Amino acid sequence: MTADPLRVALAGLGTVGGGVVRLLDANRELIERRAGRAIEIVAVSARDRSKDRGVDIARFAWVDDTARLAGHPDIDVVVELIGGSDGPALALARATLEAGKSLITANKALLAHHGLELAEAAEAAGVALKFEAAVAGGVPVIKGLRDGAAANRIDRVYGILNGTCNFILTKMEAEGRDFADVLAEAQALGFAEADPSFDIDGVDAAHKLSILASLSFGTRPAFADVQSSGIRQILAADIAEAAALGYRVRLVGVAEAGPNGLFQRVHPHLVAADDPLAHVSGALNAVVAEGNFVGRLLFQGAGAGDGPTASAVVADLIDIARGEFGPPYAMPAASLSALAPADSGERRGRAYLRFMVADKVGVLAEIAAAMRDAGVSIESLMQRGANGDGSVLVAIVTHEGPERAVAHALDKLRGSSSLAGDPLWMHIL
């Protein structure tokens, strides 16, 4: 190798940061051949210098103040693995681009909230902003959409974007266990955080969906417009009902752009058993993009973990080493359109509705009347036996119709003394 090495500063030495160091060590010769030059970590920063991370960091310069990495005279690119949408991560990202240095991040929250600003700063400075690791871990979906499908109009992008939720749902499916029990196991195994809210309430998936939507449709990142809900309400009984109907339950993010605006939603869905997404199990992620010439593309693989995520980070380093920059969102930031959020009430589809109700005469008639008055056509209705608390499960599958009608029916039932808890609404993909 005759070219100067690409000199890297690494901010954050957690699971992914340690994985980046190990990957660069293990595949050094191969990476240099593919990059056309050596890639060397020069400086690192993290909260605890003394922590044993299982890798030798004594060979790197240690910087106590993470923000100072941006001004380090011996680096060309900063890799931000701190996390969080604001605070130190945002300060470092801004400082790096202002210093005229390239930035790689695995931080989906940072991009969802500040992606447009950072893209504009990178383009103004003539440096790279890359984030392959921010969505679906080691799955090359960002490159696939930005580069491989660049000649296509993408009409829809959707998928399973959170491994924690998918692990919980497929475990519930396989073993017939309830949500709280499986969540506790996921936390014990390290698949879920001590506070799992970002994952199980759909926020993490919404961050990722906003990035995919921008890349797919040429729109400005619009995380605030993503409608999101999670999986806390799902019962083992819901998964059993779905299976009896020929479906599996998955948390799916869906984005579409059209004349009515930009639609973005993360929501539990019933997915047909023969759909590829129904076979995505455990902590895997999968993304489907529909292009007008290329057709349907499926990206699937490990969505988290030190190895897959580090692989995506180093792939971005290789691109920068080769001089492959380009606009972060596949087109110049000034060309990204600002679409208003689409009205989900106009969308048409079928729905699964589940009610826990009092075991008394007239309850089914009350529910059916609310559906009738709202204009919802019922395809099938199932009632299951009483639980220990005296409530029974009522599940309805609707015919295709506008979502506004279903929302109206549920509003009519809200506050009814016949209902024990809030109804569950899952869309049928």
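None of the figures in this text is laboratory data; all of them are computed from the coordinates on show. Just so you know, these numbers come straight off a predicted model, no measurement behind them. Cβ coordinates were reconstructed from backbone atoms using ideal geometry, including for glycine residues, and neighbour counts include every protein chain displayed.
Relative contact order for segment 345-428: 50 percent, from Cα pairs under 8 Å spaced at least 6 residues apart, divided by residue count.
Among S391, S216, S102, the largest mean-square fluctuation in a Gaussian network model of the chain (Cα springs under 10 Å) belongs to S391. Counting only DSSP H runs of at least 4 residues, each contributing -39500 (n - 2.57), and dividing by the residue count of the chain, the helix-based mean residue ellipticity at 222 nm comes to -10000 deg cm²/dmol. What you get for the chain, charging only the Cβ of Lys and Arg (+1) and of Asp and Glu (-1), is a dipole of about 460 debye around the Cα centre. For segment 74-224, the dipole from Cβ point charges (+1 on Lys and Arg, -1 on Asp and Glu) about the Cα centre works out to 600 debye, to the nearest 20. Multiplying the residue separation of Q383 and E117 by 0.36 nm and removing their Cα-Cα distance gives an extension gain of 90.6 nm.
Does segment 288-344 come out rounded, prolate or oblate by the C-alpha gyration tensor, with a ≥ b ≥ c the root eigenvalues, rounded set by a/c under 1.5 and, if not, prolate when a/b is larger than b/c and oblate if not?
Since a/c reaches 1.5 but b/c is at least a/b, the shape of segment 288-344 is classed as oblate.
Within the listed set A365, A106, A128, the residue fluctuating most in the Gaussian network model of the chain (springs between alpha-carbon atoms under 10 angstrom) is A365.
Could you tell me the calculated FRET efficiency between A3 and D275, based on Cβ-Cβ distance and R0 = 41 angstrom, to the nearest 0.05?
Details: r = 47 Å, r/R0 = 1.14.
After rounding, the FRET efficiency stands at 0.30.
What FRET efficiency would be calculated for the residue pair L30, R153, taking the C-beta separation as r and a Förster radius of 56 Å, to the nearest 0.05? Please report the intermediate quantities before stating the final value.
Numbers: r = 36 Å, r/R0 = 0.65.
Efficiency at R0 = 56 Å is approximately 0.95.
Modelled spin-label separation between A420 and L364, with each label point placed 7 Å from Cα along the Cα-to-Cβ direction: 1.8 nm. Round to the nearest 10 and give me the degree value, 0 to 90, for the angle of helix 363-374's Cα axis relative to the longest principal axis of the chain. Once rounded, one gets 70 degrees. Values [x] 21.9; [y] 19.9; [z] 27.3 are given for comparison; mean projected area of the Cα convex hull in nm², derived from the coordinates here, is the one labelled [x].
Take a quick pass over the chain and tell me how many lysine pairs come in under 17 angstrom between Cα atoms, counting only ones 8 or more apart or on separate chains. Please report the intermediate quantities before stating the final value.
Details: K101/K130; K108/K130; K108/K143; K108/K208; K130/K143; K130/K208; K143/K208.
Taking the chain as the scope, the lysine pair count is 7.
Charge dipole of segment 4-65 (Cα centre as origin; +1 on each Lys and Arg Cβ, -1 on each Asp and Glu Cβ, all else neutral): 160 debye, rounded to the nearest 20.
Of the residues A222, A150, A89, the one that moves most in a GNM of the chain with alpha-carbon contacts below 10 Å is A150.
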